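Any read-out appearing in this document is the output of simple, stated calculations on the displayed coordinates, not a laboratory observation. Remember, it's a predicted structure, so these values are computed and weren't measured experimentally. Positions of Cβ are backbone-derived with ideal geometry, glycine not excepted, and every protein chain shown enters the neighbour counts.
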Amino acid sequence: MTLEQAILTWIHLVSAAVWVGGSLFIGAVLAPTLKKMSTTIEERIQMMITVGRRFNKIAVPSLIILIVTGLYNSHQFLSKPDLLLATSYGTFLTIKIILVIALIIAFVVHVRIIRNDVEEKIVSKQMSEEQLQKLRKKIIILGQVIVIISVAILFFAAVLDVGI
């Protein structure tokens, strides 16, 4: 392994730690903690949006770096599409690519749900309790989907790393 490859792997791993670690923290620590707070649902959702937006400032660049370094690490394999289905490594790489696409879609949907106009309606109390509960449920489910897909991608990264 060359120094260049070691540095690329390190950058890839640091980016994965930021993306997955932050997502796990929000889903496993922050969300349950907020749920137990005695504040209003508007305040709890607002806090989640604020934390999510702040996290996205490092998460989105990390995800982009993950994708770029992942494609670079896989470019030799991707340049020979016949190997993608002819080998177990190719099959696992294909699964990982599909999961990354699913992750991007889930993330984009998640971000679109909590766009600025929705946040303004929450702050100005223009949403009913039922609308807030539906919004909260969507945010939580999509957050869980993002975490599960991210952890699955990590698993396939480990499988590919050992060369199966």
For the range 3-161, please report how many Lys pairs fall under 30 Å Cα to Cα, leaving out neighbours fewer than 8 apart on the same chain. 27
Using θ = phi - 60° and the Karplus relation 6.51 cos²θ - 1.76 cosθ + 1.60, list the HN-Hα couplings for the range 108-113 in order, rounded to whole Hz, with x at every Gly or Pro. 4, 4, 4, 5, 5, 5
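Within the set of other residues whose C-beta is less than 14 Å from the C-beta of LYS137, count the net charge using Lys and Arg as +1 and Asp and Glu as -1.
Details: positive: LYS35, ARG44, LYS134, ARG136, LYS138; negative: GLU129, GLU130.
Value of the local net charge: +3.
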Of (1) 48, 45, 23; (2) 55, 30, 25; (3) 59, 33, 30, which is the value of Cα extents along the principal axes in Å derived from the coordinates here? (2)
Under a crude label model (7 Å from the Cα following the beta-carbon direction), how far is PHE155 from GLU119 in nanometres? 3.4 nm
What number comes out for the charge environment of ALA106, summing +1 per Lys or Arg and -1 per Asp or Glu over other residues with Cβ under 14 Å away? +2
Starting from the Cα of ALA86, step 7 Å along the direction of its Cβ; do the same at TRP10; then give the gap between the two resulting points in nm. 3.6 nm
Between the range 114-131 and the range 42-82, the Cα center-to-center distance that results, in Å: 26 Å
